[in-house]
Each structure stands twice: as structure tokens, then as C-alpha cells.
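Before any comments, here is the structure.
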Amino acid sequence: MVGQAPGPAERESRKPFSGRAGKELDRWMLRAGFSSTEEFRRFTYIAALMRCFPGRNRAGTGDRRPPPAAVANCAHWLDAELEMLEPLVIILVGQMAIARFLGAAPLEERIGRTFGKKPVLVPLPHPSGQSRWLNDPANRRRLDRALAQLSRLREDAIG
């Protein structure tokens, strides 16, 4: 799984997706067929485009979007991890991670579809709640399709 960057909760806990977004992501993974959050985290390596917390945004209402130069500085770490791990599936969480692997496009064109064969890329919206993208019922259906695809891939991989 590839996310954007750690947030303040991750900085404190030293565990990826441990804050509010992580709780929502855990709920999604239960919907995708994992029997527990522990099972999901046992079978999933979680990485990020940027390795450190980018700080709060200017308004103080959320995390700052990692600047392109910082993401570029961290790219070799992510590339080396993926080369070493040779994943069968990569879950792309959020617009930045999706764009890094698939290029820029609206989420409506990415969520609910899979891309590639090995690894299979499965885009998901970011679970932070900052975006209102999931307020649209059509987008919630796209998320449902993506989670169903993950369920099939999970079943194929770990039974």
C-alpha cells in the first residue's frame, strides 16, 4: 500500500495509518474481506510517497500536501522498497499516490478499476475525510467496486 505521507498520529505512534484516516481505512479493509485489521496489517506493507510529516496546512485545518520536491527526494526509497518486495498488488491511497503510478486524472476515472497485471494497481480515495468526494453516491459505488476488487485479489493471494 502506498499513501501520501505520515500525519501527526503516525509521527507519534510510529505506525502507518494510525490516526483517523487509518481507522476509516481499517473499516474499508474489513469490507474488502480481511477478517480483522490485524490480518490486513500482517499481509500489507505500508509505504508513503514522503517519509516525514509535511506539517499542517496554512489554515491549520489539515495536513500540508507534500511538496513535489520533497516527494521527489523520497522517491528512491519507495522505488527500492517496491523492487525488493515485488508486490503482486499495490493499493494506491489518495490522489497523489494514484498520480505517481498512473498519471494525473480525476478520481472518477481511477477508483473502481484496476490497472496492470503484476503488480495490479488498485486506486482508493484517501480515507481522511478531508475530501467530500465520497459524499456523491456514485463515488461511494466506485469505492464499493474497488473494495470488491481487493476482496477478490486478497482471496487469490491468501485464500
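Of note:
- From Ile91, Ile111, Ile98, residue being among the aliphatic types (A, V, I, L, M) and over 9 Å from the mean Cα position of the chain (by Cα): Ile111
- Pairs with Cβ under 6 Å, 6+ apart, first in region 70-86 and free of Cβ contacts under 8 Å to residues at least 40 places away in the same chain, second buried (at least 16 other Cβ atoms within 10 Å of the Cβ) and of a type in the set (Gly, Ala, Ser): Glu81/Ala47
- Taking (1) modelled with pLDDT under 95; (2) in contact with a Gly (Cβ under 6 Å, 6 or more places away or on another chain); (3) loosely packed, with under 15 Cβ neighbours inside 10 Å in turn, Ala59 satisfies each apart from (2).
- Count - residues of region 6-42 that are closer than 24 Å to Trp77 by Cβ, free of Cβ contacts under 8 Å to residues at least 12 places away in the same chain and in a loop (DSSP other than H, G, I, E, B): 3
- Of the residues making up region 43-58, none is over 14 Å from Gln130 (Cβ atoms), part of a helix (DSSP H, G or I) and basic (Lys, Arg).
- Matching residues, region 82-100, being within 20 Å of Glu24 (Cα to Cα) and either of a type in the set (Ser, Thr, Tyr) or assigned to a loop (DSSP other than H, G, I, E, B) (or both): Gly94
- Subset of region 101-145 [farther than 18 Å from Ile46 by Cα, surrounded by 14 or more Cβ atoms within 10 Å (Cβ to Cβ) and of a type in the set (Gly, Ala, Ser)]: Gly112, Ser131
- Neighbours by Cβ (under 6 Å, 6+ apart or cross-chain): first from region 101-130, free of Cβ contacts under 8 Å to residues at least 24 places away in the same chain and part of a loop (DSSP other than H, G, I, E, B); second surrounded by 20 or more Cβ atoms within 10 Å (Cβ to Cβ) and of a type outside the set (Lys, Arg): Arg110/Ile98; Arg110/Pro123
The values are calculated or read from the model by the stated rules, or taken from the named source; none is laboratory data. All of these numbers come straight from a predicted model, not from anything done at the bench. Don't worry about glycine lacking a Cβ; one is built from the backbone with ideal geometry, like all the others, and counts go over all protein chains shown.
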